[in-house]
Amino acid sequence: MQIEFRELDGKSNAYYGLLGGWVVLVLVGLLSAFQMEHYGHIITGMTNQVVWGMPHVFAVFMIVAASGALNVASIATVFGKKFYKPLAPLSALLAIALLAGGLTVLMLDLGRSDRVIVAMTHYNFKSVFAWNVFLYTGFFGFAALYIWTMMDRNVSRFNKPAGFGAFIWRLMLTTGTGSIFGFLVARQAYDSALLAPMFIIMSFSYGLAVYLLVLMLAYRWSKRLIGDVVITRLKNLLGVFVAAVMYFVLVYHLTNLYFTKQHDFERFILLDGGIYTVLFWGGQIVLGSVLPLILLYAPATRKSVNAIFAACLLVVLGGLAQMYVTIIGGQAFPLQLFPGMVETSSFYDGVIHPYTPSLVEILLGLGGVGVVGAIVVFAVKLFRFLPESLDNSVIDTHHNVH
Amino acid sequence: MSDIDNYRRRFMTGVVGVAATVSLPAGLLFWQTAEGKSNDDAGLASAKTRWGMLIDTTKCATGCDACVRGCDQENGLSGKTSPTSPQWIRKVQVSNPSTGNGFSLPMMCQHCEEPPCVDVCPTGASFKRADGIVLVDRHICIGCRYCMMACPYKARSFIHQPVTDQLAEVPRGQGCVESCTFCVQRIDEGKTTTACQDACNAEGHQAIYFGDLKDPNSEISKQLAQYSSQEVLPNLDLHTGVRYQGI
Amino acid sequence: MKKLLTEWLKPAAWGTLILMCAMSMGHAAENTQNTSDVPQPNVTAIKGGKCVENTEFMRKNHMKLLMHHRITAVHKGDNQLADKYSIINCVNCHANPKDNSVVGPGDFCQSCHAYAAVKITCFECHSSKPSATPSPFHATTSMVGATGKDPHATMVHYLAYHEHPQNLNSGLSAKDLAGVTQ
């Protein structure tokens, strides 16, 4: 029995309410961007010491998750696991939506957003940001092509090459995203080759968590059937990825702890950094890694859909915390102009740089989330992204469970 | 699919196909205009010169910030020190926690030979001029602040609000990044001293030398040849244009 | 191939025709300025004598001059005060003495740009006020006698600027006047 894909009806009040809600969020984000453009970044919490703030936390999270969201489709096409094939179109759609959301936030946060055209016509190819212009637009192109090969029978023979292309491309993209930080020799938090592969693993984890959330909500709200076989396979995979992220975080900090010169920075993050320490241990480790692993694998909770949903939500929150610690914590720690010495100046040398996120920044970030939601909710009504049913009976009889 | 849908599909594809084909040369033309390529290469800044600075921290007085005042006045800066205020130069107090020994020095853009800020700028707005001065071309800066993340000396500032009282010789405005320019507006007029240097000399400390590093007869070159000097963060191998004595 | 011709040619041709019509209409709209019944913007050039180039040339090409000179200024290090095309010298001549600006309502840059609905972003960074430093370049002095304009009229304008009669002082602060011969 072939799995049929069908558009959402999308005529209920609930549907329009949901879509309207996302659109309102987008409008609020746009209003915030306008305020920032009009009054300048002085109305945000970003300063000359902490130059990237909440918008970047949201944006980088979304961009990393975008790459990972494509994972489900890649497993089907690149790794040949037919089980995942019905899940692939939504995966590619989510990838496009998340990337669009992240880029919207980034481009609106620019000091001169009116010069995005300049960014597309002047290139310094030693800069990761310049590569990103091509990596991101190429990703849109590859994902769109990929979706086309999945949906149009006339071109379905190109599905495998499109899938491979998208897979390789997104590995390059996420390596680039990690290298944005990894290539910076100036900051003790960055300056590491580990950041690129860590971002790749983080993308697997965040992307799948977002995918699973969207999948479960879409099927619950459209009253379509989804069986526990699909959920179980995906949640087991998520558990592996969450554990892998923990491994990378462990290696990162263990290595830093081994270098005496990094001890001050590690003490800041792990012990006395205030909000950063709380977000690291409480947000990233406990809420974002340990608790989800328990929920996903413990006999008491591993079969509960609500527990799995909560685990996905916690992974997302933990991911945002991880972004905050990495991006903002990395800037809050002062630069060492004279290692081993004590520095003071009028430009906040030698002191922890304070940062308080402002409402406009948070709303801008949420506006990006709104873009994601609006695209996904609208697209599943317009096109056949969602299988009519992912019930056990439909999955089991047709596809092999490996 | 019905005939109408079929027709519509072919119509749209035809329009898009033609528009795409037409926009290729049009886009190329637009791109070239945006590049604004100039054939005139009678430039004044040349690689025969490399501007550099030498700061003698033994003469730099703790508590004195004449260089900062001089820079503020020359470049139209407010002199405020809030977290969002631009500071092109600042005095840094350094002390050794074990020995108690301390010194102060002015810190500004080090005009590196291999500037990390230039590496990371996506548009090439952050660039190194032929004569070694590292500048921000504010015409093409998009305000992404990546250069501020990349600078190991935290030399760059972002302008967080509209500017209305800028000096005519030093254009600066909201949304772009800026840093010490070695008083490029004075250099291009043919002057050979920076405002911070003049201010320090006026104060009587004479701690700042500025000149052409490639000219062996310049005062700075003679000083550098005679006395030991160091870069800040020498392990980064950036070969900065600013060197310090006594750190 | 036959399928391509029979099924695709007609709709593609229609689409192209409509696209061409739209593009030519857009192009035709550019030429409306030359018709005599279209109102012209009120542009007052404050300084007498001539600009560095004639009016029609400047009207068409000042943006190209600016685009070129911003590269020579920033990347090649031209002396901005001596360069006759530098924006500093444009502002020095064209600033309205009443509000000391080129972007106030009715002022030189603003009047044309408001009429053409083209936003000027130059003065978000560049000063719209004349430079306090005396410029070695003077459009009026270099044009005396060279263009055939009445040298007396040119000198009157030159003296009026440099001798600061009462009505031109308004808006100029002591800092602005410092260094300018009085």
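The values are calculated or read from the model by the stated rules, or taken from the named source; none is laboratory data. As the structure is a computational prediction, the values presented were derived from the model and not from experiment. Here Cβ is always computed from backbone atoms with ideal geometry, including for glycine, and neighbour counts include all displayed protein chains.
Only one of the numbered conditions (1) assigned to a loop (DSSP other than H, G, I, E, B); (2) within 13 Å of another protein chain (Cβ to nearest Cβ); (3) surrounded by fewer than 19 Cβ atoms within 10 Å (Cβ to Cβ) is violated by A:Tyr348, and that is (3). Residues that are touching a residue at least 12 places away in the same chain (Cβ under 8 Å) and surrounded by fewer than 17 Cβ atoms within 10 Å (Cβ to Cβ) within region B:78-126 comprise B:Gly102, B:Glu113, B:Glu114, listed in sequence order. Scanning region B:172-193 for residues that are under 28 Å from B:Ile55 (Cα atoms), within 14 Å of chain A (Cβ to nearest Cβ) and either of a type outside the set (Lys, Arg) or buried (at least 24 other Cβ atoms within 10 Å of the Cβ) (or both) yields B:Val177, B:Glu178, B:Ser179, B:Cys180.
For region B:100-125, the set of residues classified as among the polar types (S, T, N, Q) and either under 19 Å from the mean Cα position of the chain (by Cα) or at pLDDT 95 or above (or both) consists of B:Ser104, B:Gln110, B:Thr123, listed by residue number. Across region A:8-39, the number of residues qualifying as under 30 Å from A:Pro334 (Cβ atoms), free of Cβ contacts under 8 Å to residues at least 12 places away in the same chain and either touching an Asp or Glu at 6+ places or on another chain (Cβ under 9 Å) or of a type in the set (Gly, Ala, Ser) (or both) comes to 0.
A quick yes/no check of all residues on (1) more than 13 Å from every other protein chain (Cβ to nearest Cβ); (2) under 20 Å from the mean Cα position of the chain (by Cα):
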| site | (1), (2) |
| --- | --- |
| A:Met36 | no, no |
| A:Phe79 | yes, no |
| A:Pro86 | yes, no |
| A:Leu108 | no, yes |
| A:Arg115 | no, no |
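Within region A:55-81, the set of residues being modelled with pLDDT of 95 or more and of a type in the set (S, T, N, Q) comprises just one member, A:Ser67. Within region A:248-271, the set of residues being among the aromatic types (Phe, Trp, Tyr) and in contact with a helix residue (DSSP H, G or I) (Cβ under 8 Å, 6 or more places away or on another chain) comprises A:Phe248, A:Tyr252, A:Phe265, A:Phe268.
None of A:Ile231, A:Ile200, A:Ile226 is in contact with a helix residue (DSSP H, G or I) (Cβ under 9 Å, 6 or more places away or on another chain), among the hydrophobic types (A, V, I, L, M, F, W, C) and either within 14 Å of chain B (Cβ to nearest Cβ) or farther than 28 Å from A:Tyr15 by Cα (or both) except A:Ile200.
Scanning region B:199-217 for residues that are under 14 Å from B:Ile89 (Cβ atoms) and within 20 Å of the chain's Cα centre (by Cα), we see that the one that is surrounded by the most Cβ atoms within 10 Å (Cβ to Cβ) is B:Ile208. Exactly one residue among A:Asp391, A:Asp349 is of a type in the set (Asp, Glu), more than 26 Å from the chain's Cα centre (by Cα) and over 30 Å from B:Arg243 (Cβ atoms), and that residue is A:Asp391. Of all residues in region A:143-165, those satisfying the criterion of being touching a residue at least 24 places away in the same chain (Cβ under 8 Å) and more than 22 Å from A:Ala100 (Cβ to Cβ) are A:Asn159, A:Lys160, A:Phe164. Region B:168-247 holds helices (runs of 4 or more DSSP H) entirely within its bounds, and those carrying 2 or more residues that are polar (S, T, N, Q) map to B:195-202, B:219-226.
The condition of being in contact with a Leu (Cβ under 8 Å, 6 or more places away or on another chain), of a type in the set (Val, Ile, Thr) and more than 12 Å from chain B (Cβ to nearest Cβ) holds for only one of A:Val371, A:Val305, A:Val360, A:Val316, that being A:Val316.
The set of residues in region C:108-129 being part of a loop (DSSP other than H, G, I, E, B) and either touching a Cys at 6+ places or on another chain (Cβ under 7 Å) or surrounded by 22 or more Cβ atoms within 10 Å (Cβ to Cβ) (or both) consists of C:Ile120, C:His126, C:Ser127, C:Ser128, C:Lys129. Is it the case that region A:202-214 has a residue that's without any contact (Cβ under 8 Å) to a residue 60 or more places away in the chain and either surrounded by fewer than 18 Cβ atoms within 10 Å (Cβ to Cβ) or among the aliphatic types (A, V, I, L, M) (or both)? Looking for residues that are without any contact (Cβ under 8 Å) to a residue 60 or more places away in the chain and either surrounded by fewer than 18 Cβ atoms within 10 Å (Cβ to Cβ) or among the aliphatic types (A, V, I, L, M) (or both), one finds none in region A:202-214, hence no. Looking at region A:241-255 only, could you name the residues that are surrounded by 15 or more Cβ atoms within 10 Å (Cβ to Cβ) and either without any contact (Cβ under 8 Å) to a residue 24 or more places away in the chain or of a type in the set (A, V, I, L, M, F, W, C) (or both)? Within region A:241-255, A:Phe241, A:Val242, A:Ala243, A:Ala244, A:Val245, A:Met246, A:Phe248, A:Val249, A:His253 meet the criteria. Checked against (1) closer than 26 Å to A:Ile275 by Cβ; (2) assigned to a loop (DSSP other than H, G, I, E, B); (3) hydrophobic (A, V, I, L, M, F, W, C), A:Leu317 passes all but condition (2). Considering only region A:82-155, give the helices (runs of 4 or more DSSP H) lying wholly within it that have at least 2 residues that are modelled with pLDDT of 95 or more and surrounded by 19 or more Cβ atoms within 10 Å (Cβ to Cβ). Result: A:88-109, A:128-151.
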